[in-house]
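Input: a single structure, listed below in structure tokens.
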Amino acid sequence: MRKHETVERVSVSVPPELLRSFDLITKKRGFTDRSKAIQTAMRVFMSENEWIEENSSVMGAGSIGLLYNPKSKEIENALTNIQHHYEDIVTSSTHVHLNDKNCLETIFVRGETRRIKKLAKDLANNKGIKQVKVNFVGVI
Ligand code: NI
């Protein structure tokens, strides 16, 4: 038996160029219905931003990517110490030496999203960090 789902109709204003690009990419992804594509985009947006919620106890899994200048030894020690402090949620990490000015450290995490957010903040607060990218999915 098919479950009856209710929907709400909304009207949004979008620059034509953005809408054209959106339609093009959703068509390439195989969506035939713009509403379905927007629903998917909304879910991706929520999943990507769930970690912002301060008191969220939602469980999540994902990664924290850090781009930094390896010139200072202090930063490498700081990153290691912080990861030890969060050993309950850090599952593993990888390090890529990109060039003499850039290293990429990717830390894989699993646990409460509020704790993942706190870890990301502690990591981002170090001098020499150029970029922080948090990617995770909510595991409900
Ligand atoms: Ni390196």
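Skip the ligands, DNA and RNA, and give the accessible area per residue of the chain with a 1.4 Å probe, whole Å².
Values: 10730 Å² over 140 residues.
About 77 Å² of surface per residue is accessible.
For the chain, modelled as a GNM whose springs connect Cα atoms under 10 angstrom apart, the maximal fluctuation among THR94, THR32, THR40 occurs at THR32.
Computed over the chain, relative contact order equals 32 percent, with contacts defined as Cα pairs under 8 Å that lie 6+ residues apart. Compute the long axis of helix 113-124 from its Cα atoms, compare it with the longest principal axis of the Cα atoms of the chain, and write down the angle in degrees, 0 to 90, nearest 10. So the helix axis and the longest Cα principal axis differ by about 50 degrees.
Taking only the C-alpha atoms of the chain, the Rg (one decimal) and the largest Cα-Cα distance, Dmax (whole number), read 19.5, 63 Å. Partners of LYS27 within straight-line reach, counting lysines whose Cα lies under 17 Å from its Cα and excluding those fewer than 8 residues away in the same chain: LYS36. Across GLY111, GLY65, GLY30, mean-square fluctuation computed from a Gaussian network of the chain (C-alpha pairs under 10 Å connected) peaks at GLY30.
Looking only at GLU87, GLU17, GLU76, which one moves most when the chain is put into a Gaussian network model with springs between Cα atoms under 10 Å? Of GLU87, GLU17, GLU76, the most mobile in the Gaussian network model is GLU17. Over the chain, what percent of the accessible surface lies on carbon and sulfur atoms, probe 1.4 Å? C and S fraction of accessible area: 54 percent. Axis of helix 16-28 versus longest Cα principal axis of the chain: the two differ by about 90°, to the nearest ten degrees.
Say the cut-off is 20 Å between C-alpha atoms; which of LYS73/LYS127; LYS71/LYS130; LYS71/LYS127; LYS71/LYS117 go over it? Correct reply: LYS71/LYS117. Say R0 is 41 Å: what FRET efficiency, to the nearest 0.05, do SER57 and LEU18 get from their beta-carbon distance? Calculated value: 0.75.
The values are calculated or read from the model by the stated rules, or taken from the named source; none is laboratory data. Worth saying up front: this structure is predicted, and the values here are computed from it rather than measured. When we count neighbours, we look across all protein chains shown, and the Cβ atoms used for this are built from the backbone with ideal geometry, even at glycine. Heavy atoms of the whole protein, side chains included, go into the accessibility calculation; ligands, DNA and RNA do not. Shrake-Rupley method; radii C 1.70, N 1.55, O 1.52, S 1.80 Å.
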